[in-house]
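Please read the structure below before turning to the comments.
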Amino acid sequence: MKLLIVGALEGYLTKASSVARSRGCEICHVEQPSSALEMLRGDVSFDLVLIDDQCDIPSFTIALKEERIVVTLVACGLGADAKHAVAAIKAGAVEYLPLPPDPEIIAALLESAAEDKISMVYASAAMKAVVAMAEKIAASDASVLILGESGTGKEVVARHIHNRSKRRGKAFIAVNCAAIPETLLESELFGHEKGAFSGAVARRLGKFEQASHGTLLLDEISEMDIRLQAKLLRAIQEREIDRLGGSKPVSVNTRILATSNRDLQSMCAKGLFREDLYFRLNVVSLLLPPLRERRDDIPLLAQHFAEKYGLENGLSTRGFSKQALEILMQQDWLGNIRELENATHRAVLLSEGTELSADDMPIKSVQNGSASDSSSLASGKGGDKLSTIEREAVLETVTNSRGNYEQAASILGISIRMLRNKLDRYASDGHIVSPSNDSR
């Protein structure tokens, strides 16, 4: 994890920086936003930028957008001035951190920004088979396609492969293809030369070069624009990339891992994904089973999350009562591990006993053949498939948001681009989509 501090914050972050360093974080500090831009243009990929609210944050975020630099930005300031906080958020910061900060908050921000997910926690035969295959192919340089529903731990498996490969001492860089706008993704991956476009005031290395001799994870690659897929295919085949505005190719030595929660073969048949790219990526494929098909993992994962959030919140470590575990085991977990994590986090915060009880669970047990809402949805009323349930949830959210895509995407926890793609797909399948108040 790499942290960049901008402005006169070092004196207030001494203890927090010490905590971050103890957890393996590398920290750089510059006084001026202009120096920060120089750092961000280089060959180091930062997970998080902490910027003093006395700096010109609006100009800094405009420069980031103009140079197509994507990074998580958190503003910091003395005290808890609501006006400063609102101004910083409006300017583009995702969070406002009062100073001096709680060191544990810094640690949590770093973990979130770096998407440094949990270590491999499993007991089921299904996951043992997946991990065995992952470790068998880890030492090679072959591309790997990791498939599975959202929340099944695809990035965790990708990091596991990298950490057991001969590239483990080099960079592991993850790019969420669904979260980055199409106009920025090309520059984010391949970099650009000075003058390549309006706002390109200096050369910037892309993720391919930053991950050279390491591993590049293309998360949710199914959401990548088909035009950009052609450029990616060439980069994989020729081991060279073209920066935007560049005059000659740049050689790279980057291993590619990719994830998707969609049926890529079906997308190829519909012309939505390049078949030649699919075969290039699919040298080896790993299919992660959903949590409902690996129930032996639920107790281990739940205990892992209980210990994690107990530690983060300064609470004593607690186990689960027999009844609480039964409730967890009964659920089908539509959101998979991510949903289980959220449920456990909530239980840890609300519980007042010596153990996590059934009353602390945000879900109900299955009784007399009647399941909780979560369980009923997971099993699918009337034989509905999971994809049907997802479509109904998305369309209902868009309708309730009165066609405001930004608001709907925020509620659903996905990018606007991913929401648009889903709505376009639903429309092509003949489903009614609410009119949009969103301008493209």
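Arranged from fewest to most other beta-carbon atoms within 10 Å of their beta carbon, I173, I146, I57, I89 become I89, I173, I57, I146. Within region 125-287, the proportion of Cα pairs with more than 29 Å between them is 16 percent.
Going from the residue with the fewest nearby Cβ atoms within 10 Å to the one with the most, L232, L311 rank L311, L232.
All other residues whose Cβ lies under 11 angstrom from that of G353 are scored, Lys and Arg at +1 and Asp and Glu at -1, for a net of -3. Compared with the direct C-alpha span, the chain from K136 to A393 gains 88.6 nm at full extension, assuming 0.36 nm per residue. Label-to-label distance for D276 and S59 is 4.7 nm, based on points extended 7 Å past Cα in the beta-carbon direction. Could you give the Stokes-Einstein D for region 195-319 in µm² per second, using the C-alpha Kirkwood radius, 10 °C, 1.306 mPa s? Using the Kirkwood radius from Cα pairs, D works out to 88 µm²/s.
When M329, M267 are arranged by Cβ crowding within 10 Å, least crowded first, meaning fewest neighbours, the order is M329, M267. The slack in the chain from E355 to V30, taken as 0.36 nm per residue of separation less the alpha-carbon distance, amounts to 112.4 nm. Positive contributions from Lys and Arg (+1) and negative ones from Asp and Glu (-1), summed over other residues with Cβ under 12 Å from the Cβ of E240, come out at +2. Centroid-to-centroid, using Cα positions, region 123-156 and region 293-346 are 22 Å apart.
From largest to smallest, the equivalent ellipsoid semi-axes obtained for region 203-252 from the alpha-carbon gyration tensor read 17, 14, 11 Å.
Using the Cβ-Cβ distance between I226 and L287 with R0 set to 35 Å, the FRET efficiency works out to roughly 0.90.
Computed from the coordinates by the stated procedures, all read-outs in this text should not be read as laboratory data. Bear in mind that the values here come from a model prediction, so they are computed numbers and not experimental data. Positions of Cβ are backbone-derived with ideal geometry, glycine not excepted, and every protein chain shown enters the neighbour counts.
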